[in-house]
Amino acid sequence: MRISLRKHVVLLGIFSFYSIIGHSQIGDVINARNASERIKHSAKETHVNTKSLARQITKNSHTDFEKAQVIFIWIARNIEYDNELRTNTSLQKLIYTSEENVLKKVLERKKALCGGYAFLYKMLCKEVGIESQIIHGFSKKYYNTSTRNGVDHTWNAVKINGKWRLLDLTLARSQRKNNNPNLYWFDTDPRYFIKTHYPENIKWTLVTNPISKKEFDRIPSK
């Protein structure tokens, strides 16, 4: 399926979202040792076949929550942030032709921008029967939103036991410790997530009375 013109524009708009190395300014890194130990971390084990990859990643997981989390961890550990793609417009045009091509190139190159992380997470969840949503919006975790025009970031929501939960693989990867992703960004409380992420569709704030975009720009991210 080819990416629609609007989606293509959104994807090009989020290329400039960049990776920053540091620790979470909102919460501590959650200890993920138990979940992480079940993951075989080897680039050679990465398969282009998303169904077999998803099954391999989740083979020791029993609940949907465990599966959603272990997929999150695997991606954040094995897929690097693609600084080359971020600055190479020719490469962007070659890769961002369709969702299928984005997924293929992410797995081949083992690198992604925020859109690639979101596409891959959604597909791997789908392969194990878990519903996920790609969300486009605004992020102010590391820069002043007043200098930005239009959406500039992409993240996910995942549905577990009938409840939608928010996650951001890009930040989990950029804030990793010893290759352990910052799990603050998996199943983040929507009340805190909205301080740094504002979705294009406000229903994905997942809060009862969401703040306005103007208020989002004004409040501190901490």
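None of the figures in this text is laboratory data; all of them are computed from the coordinates on show. Keep in mind it's a predicted model, so treat the numbers as computed, not measured. Quick reminder, even Gly has a Cβ in these numbers, built from the backbone with ideal geometry, and neighbours come from all protein chains shown.
Values as computed for the structure displayed
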read-out	value
Cβ-based exposure ranking for Leu124, Leu91, in which fewest neighbours within 10 Å come first	Leu91, Leu124
Residues Ser174, Ser221 arranged by fewest to most Cβ contacts within 10 Å	Ser221, Ser174
Over region 103-222: Kirkwood hydrodynamic radius from C-alpha pairwise inverse distances, Å	14.9 Å
Segment Glu80-Lys104, length gained on full extension (0.36 nm per residue, minus Cα span)	7.2 nm
Label-zone membership for region 117-140, site Asn49, 7 angstrom Cα→C-beta point, backbone N under 16 Å	124, 127-128
Lys, Arg +1 and Asp, Glu -1 on Cβ, resulting dipole of region 75-222 about Cα centre, debye, nearest 20	340 debye
Note, ³J(HN,Hα) from phi for region 165-182, Karplus 6.51, -1.76, 1.60, rounded to Hz, x at Gly and Pro	10, 9, 7, 9, 5, 4, 6, 4, 5, 5, 9, 5, 10, 6, 6, 9, x, 7
